[in-house]
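Step one of this worksheet: look at the structure below.
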Amino acid sequence: MATSILGLDIGGANLKAATADKRAKSVPFPLWKQPEALPTALAKLVAQFPDAEELAVTMTGELCDCFETKRAGVSAILNAVETVANGRPVWVWSTDGTFLHTWEAKTEQRYMKVAAANWHALATFAGNQYRPKDGAILIDIGSTTTDVIPILDGVPVPEGKTDYDRLFTNELLYTGVRRTPICSILGSQVAAELFATTLDAYLLLGHIPENPDDCDTADGRPATKTRAHARLCRMYCGDPATVPAENVQSLAEGVMARQLMQIEHCVSQAANRLQILRKNVSVQYIVSGSGEFLAWQAIRSRGVSLNDQLGAAVSACAPAYALTQLPNKKRRP
């Protein structure tokens, strides 16, 4: 009988879990605000999957400024997972394409290979699962970031492997569909304050459904169109009584247009990378994440949708699910 594996993707703002049979759960958790509460939050999440016999982990939360260094962040996160595992095996994905033991992952030689490695796990899974005949570009758009990863013959072939390098190679774009501040996109056109985020733009435009119970917004008020409109008005230093509705609509459309321009540039760079590695390469697109709608707008082409293949809930937790699908033979003894 196959071992039941629970994949965990531990971010700075969300904790995500998924199983091989496509059960998935994402819960908000502001790690940078309460790192000491991570074991408790993880325990609650893992308890929802009582059949899990092993845990497979990837992370991005080590970047949170509550940690003095990335190595300290990696160690704190893995310590929390070990506590929650309660004796069950824990495996950590590395950008070398292998699973490591937690003690290996914490070492000076390895910690940078497990820090922010969730994109690599997803790209490896996508390459294995969908086996593009030649080349592929994975575009994973989440609440905070966008990953654009070139794949050749089913294997990720990025120029950079760390967040630092990937920012410069345009394989990591720090923009997403929920948490990105509007002022970081529109600059001097709007107030330089955290009055609204991209969630508000996409609520107003109808790309993200309203959720009155969701108060993880810039002002702590519900994620509804009415509240999103009010938050966007503040970007113009006004309110719904003083800012024309058509101006707010244009602001939201401008946010989407600017993000699309940024993502299109990254996709173009990834395509150039594949052309350098192999002339006349054919490219298949694979898109995933809660921002899939934005990816389709950027590529204007057909491709593989992980929302369609896996379901929206699993696609939103795609790196966690990927961990449950990667070959066991890659695990280090």
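Please verify whether E292 is farther than 20 Å from P156 by Cβ and either touching a helix residue (DSSP H, G or I) at 6+ places or on another chain (Cβ under 7 Å) or in the same structural domain as L172 (by TED's automatic domain parsing) (or both), treating the condition exactly as stated. Let's see the steps before the verdict.
On the way: farther than 20 Å from P156 by Cβ: no; either touching a helix residue (DSSP H, G or I) at 6+ places or on another chain (Cβ under 7 Å) or in the same structural domain as L172 (by TED's automatic domain parsing) (or both): yes.
Against the criterion (farther than 20 Å from P156 by Cβ and either touching a helix residue (DSSP H, G or I) at 6+ places or on another chain (Cβ under 7 Å) or in the same structural domain as L172 (by TED's automatic domain parsing) (or both)), E292 does not qualify.
Hey, can you tell me all the residues within segment 36-62 that are in contact with a helix residue (DSSP H, G or I) (Cβ under 8 Å, 6 or more places away or on another chain), surrounded by 18 or more Cβ atoms within 10 Å (Cβ to Cβ) and part of a helix (DSSP H, G or I)? Steps first, answer last, please.
So in segment 36-62, the residues in contact with a helix residue (DSSP H, G or I) (Cβ under 8 Å, 6 or more places away or on another chain) come out as 38-39, 42-43, 46, 52, 55-62.
Now narrow it down to the ones that are surrounded by 18 or more Cβ atoms within 10 Å (Cβ to Cβ): 38, 42, 46, 52, 55-62.
Result: L38, L42, V46, G61, E62.
Given the conditions (1) at pLDDT below 95; (2) of a type outside the set (K, R); (3) farther than 14 Å from T58 by Cβ, and given that G142 satisfies all but one, which numbered condition is not satisfied?
Here G142 meets the rest and fails (3).
Write out, first by first residue and then by second, each pair whose Cβ atoms fall under 8 Å of each other, whose residues are 6+ apart or on separate chains, and whose first residue, in segment 234-247, is among the polar types (S, T, N, Q) while the second is at pLDDT 95 or above.
T242/C233; N247/Y236
For residues that are surrounded by fewer than 20 Cβ atoms within 10 Å (Cβ to Cβ) and of a type in the set (V, I, T), scanning just segment 215-272, find the one that is nearest to the chain's Cα centre (by Cα).
T224
Yes or no, residue by residue, for (1) of a type in the set (S, T, Y); (2) touching a His at 6+ places or on another chain (Cβ under 9 Å); (3) under 21 Å from Q269 (Cα atoms):
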| site | (1), (2), (3) |
| --- | --- |
| T124 | yes, no, yes |
| Q129 | no, no, no |
| D134 | no, no, yes |
| G142 | no, no, yes |
| P150 | no, no, yes |
| D163 | no, no, yes |
| R178 | no, no, no |
| G187 | no, no, no |
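Of everything in segment 72-94, what is touching a residue at least 40 places away in the same chain (Cβ under 8 Å), over 20 Å from E54 (Cβ atoms) and surrounded by fewer than 23 Cβ atoms within 10 Å (Cβ to Cβ)? Give them in sequence order.
A76
Enumerate the pairs (first residue in segment 142-158 and in the same structural domain as M261 (by TED's automatic domain parsing) and among the acidic types (D, E); second residue anywhere and crowded, with 23+ Cβ neighbours inside 10 Å and part of a loop (DSSP other than H, G, I, E, B)) with beta-carbon separation below 7 Å, excluding pairs fewer than 6 apart on the same chain, so at least 6 apart or on different chains.
The qualifying pairs are D147/E171.
If I go through segment 273-302 residue by residue, how many of them are more than 19 Å from the chain's Cα centre (by Cα), outside any helix (DSSP H, G or I) and at negative phi? Working first, answer last.
Initial filter on segment 273-302 (more than 19 Å from the chain's Cα centre (by Cα)): 273-284, 300-302.
Filter once more, so that each one left must be outside any helix (DSSP H, G or I): 278-284, 300-302.
Filter again for at negative phi, leaving 278-279, 281-284, 301-302.
Here the count works out to 8.
Restricting the search to segment 196-214, which residues are in a helix (DSSP H, G or I) and within 18 Å of the chain's Cα centre (by Cα)? Break it down into steps so the answer makes sense when it comes.
Residues of segment 196-214 that are in a helix (DSSP H, G or I), as a first pass: 198-205.
Listed by number, the residues that qualify are T198, L199, Y202.
Report those helices (runs of 4 or more DSSP H) wholly inside segment 116-195 carrying at least 3 residues which are under 26 Å from H207 (Cα atoms) and within 13 Å of the chain's Cα centre (by Cα). Talk me through it step by step, then tell me what you get.
On the way: elements: 118-130, 163-168, 182-186.
It comes to 118-130.
The values are calculated or read from the model by the stated rules, or taken from the named source; none is laboratory data. Just so you know, these numbers come straight off a predicted model, no measurement behind them. So basically every Cβ, Gly included, is an ideal-geometry build from the backbone, and we count neighbours across all protein chains shown.
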